[in-house]
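This report refers to the structure that appears directly beneath it.
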Amino acid sequence: MTRAAALPDWTRGQDARDGDRVAFGALLVFTVILTLAPQSFLPALAPLRIALVTALVAAGSYLVPRLLLKRPLTVTAPEIRLGAALGAWAFATIPLSMWPGGSWGVFAGSFFKTLVISWLLCNVVTTSKRLRRVLVLLTLVSVPLAATAFHQYMSGTFLKGGPADAATRIKGYEAPLTSNPNDLALMLNVILPITVALATLPRPPFPRVVLAAIAAATMAGVVLTFSRAGFLTLAAIIVLWMLRLRGRLFLEVGLLAAAACLALLPLLPSGYTKQLGTIANTEADATGSAGERMRDMAAAAKYAMGHPIVGAGLGNSTLALNEVRGTTWRKVHNVYLELAVELGLPGVILFVFLLRAALRSARKARELSRGPGGDHEVAALADGIVISLCGFVVGSIFHPVSYHLYFYYLAALAVAAYGIARRALPEEVHA
């Protein structure tokens with residue numbers, strides 16, 4: 001039995017067509033709108049609902065030709081089935097939730113759109129050229145995000161309120177996925193490995209010095225958010241990239257990184273090391289947020305154990321936790337506990353299986369593309385997707401982002417990369 005014959009065959013029969021141009025272009029535009037939110041800076045765009053219109057154009061231009069020509073509507077990747085199952089379970093629990101109207105609002109307003117966009121990405125990113133374009137776009141949108149962090153820190157645009165001795169923190173970028181410093185740090189972190197992956201290509205889309213500068217600005221942007229979760233995620237990403245190196249190169253890069261860290265210590269923002277110190281010593285946190293989040297996690301675990309099958313309902317974790325720990329109107333900052341509280345054990349299991357499947361697809365894409373006849377460009381890009389997913393795994397421990405696009409976008413790219421790698425194999429390998 002050949003290596004290819006032992007693999008799932010969901011990618012077979014999917015030709016490497018360059019069709020669906022309108023749908024693919026609309027998805028690129030949607031990505032820009034979602035991450036940069038031009039309507040926030042041009043209020044005249046707000047009534048036009050440009051994000052919704054672009055998503056409808058993408059979905060319509062993909063589905064209509066297939067329905068008319070009676071062509072298959074989708075690949076049947078495990079991630080698509082698991083995502084559909086998670087969405088179906090979330091929808092089924094709406095009538096049983098603590099606040100059905102609120103659950104419906106989260107489902108229709110956010111989660112369903114997330115699932116549709118990720119499904120479209122799985123189906124229209126069908127060539128290495130398209131995969132590269134998506135990753136280049138993500139790298140480019142990280143530039144204004146990092147620049148905003150610099151501008152806000154240098155201009156003193158900080159969050160108001162809190163104790164006088166608390167760390168001053170920037171506000172974040174005015175977009176749905178980056179509206180506070182923690183979410184901004186998460187977004188920058190999941191894009192960083194993609195930027196590095198582009199720099200490792202034999203023919204990178206930009207000079208390597210430009211990509212290196214973008215990566216450095218991205219890391220600096222994470223630091224300027226003063227996000228403790230952002231720091232831990234960034235550290236995990238750096239370690240993972242280091243582990244990708246071998247032999248003498250590992251030693252040389254490791255020594256260089258250690259020297260750079262020591263040299264940059266005096267340049268760290270004032271109060272940053274004190275902020276990081278509260279990771280281990282929560283009592284030193286002047287805002288009390290570190291201790292509050294630990295108590296929120298304990299309350300979430302208690303509620304989940306009391307409601308193991310059907311939880312509080314989509315988006316209702318704050319209501320559930322108010323019953324356990326008192327009225328504070330805070331979410332639990334942990335994806336898995338958020339899912340456990342809202343969707344019960346079935347929701348957590350489906351999400352973990354989806355995460356596992358995405359990691360497996362990205363790794364298989366990397367392995368297949370490195371083999372005989374494989375596309376080494378896809379291998380490098382898949383490597384970046386693997387590390388981005390691993391970075392999300394770390395970040396998900398500290399963020400309430402169960403239904404947002406950070407993870408689902410990466411999972412869709414993993415599916416696309418595996419499909420591209422599978423179709424690129426020589427015919428004799430498929431035989």
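Bear in mind that the values in this text are calculations on the coordinates, not laboratory data. Please read these numbers as outputs of a predicted model, since none were measured by experiment. So basically every Cβ, Gly included, is an ideal-geometry build from the backbone, and we count neighbours across all protein chains shown.
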note = So for R0 = 30 Å, FRET eff. of residue 174-residue 216 from the Cβ-Cβ r, to 0.05, ends up at 0.80
request  = Once you have the Cα-Cα distance between residue 143 and residue 203, take 0.36 nm times their residue separation minus that, and quote the gain in nm to one decimal.
outcome  = 19.5 nm
request  = Would you mind counting up the charge near residue 299? Only other residues with Cβ under 13 Å from its Cβ, with Lys and Arg at +1 and Asp and Glu at -1.
outcome  = +2
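How charged is the neighbourhood of residue 115? Take every other residue with its Cβ under 14 Å from the Cβ of residue 115, and add Lys/Arg as +1 and Asp/Glu as -1.
Neighbourhood net charge equals +1.
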Approximate spin-label separation residue 157-residue 307, in nm, with each point projected 7 Å along Cα-to-Cβ = 3.8
task = Sort 296-305, 183-192 for me by packing, meaning the mean count of neighbouring Cβ atoms within 10 Å per residue, highest on top.
result = 183-192, 296-305
query = Taking square-rooted eigenvalues a ≥ b ≥ c of the alpha carbon gyration tensor, is the range 301-364 rounded, prolate or oblate, where a/c under 1.5 means rounded and, failing that, a/b exceeding b/c means prolate?
reply = prolate
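Could you give the length gained by full extension between residue 345 and residue 73, i.e. 0.36 nm per residue of separation minus their alpha carbon distance, to one decimal place? Write down the numbers at each step before the final one.
Working: separation 272, 0.36 × 272 = 97.92 nm, distance 3.07 nm.
Residue separation times 0.36 nm, minus the Cα-Cα distance, leaves 94.8 nm.
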task = Using only the Cα atoms of the range 266-421, build the gyration tensor, take square roots of its eigenvalues as a ≥ b ≥ c, and label the shape rounded, prolate or oblate: rounded if a/c is under 1.5, else prolate if a/b is larger than b/c, else oblate.
result = oblate
query = Quick one: which of 330-343, 115-128, 31-44 comes out on top by average Cβ neighbours within 10 Å, and what's the full order, highest first?
reply = 330-343, 115-128, 31-44
request  = Add +1 for every Lys or Arg and -1 for every Asp or Glu among the other residues with Cβ under 13 Å from the Cβ of residue 384, and state the total.
outcome  = +2
key: Cβ-Cβ FRET estimate between residue 63 and residue 41, R0 fixed at 35 Å, reported to 0.05   = 0.65
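Quick check on the range 4-430: take the gyration tensor over C-alpha atoms, sort the square-rooted eigenvalues as a ≥ b ≥ c, and tell me if it's rounded (a/c under 1.5), prolate or oblate.
It comes out oblate by the Cα gyration axes.
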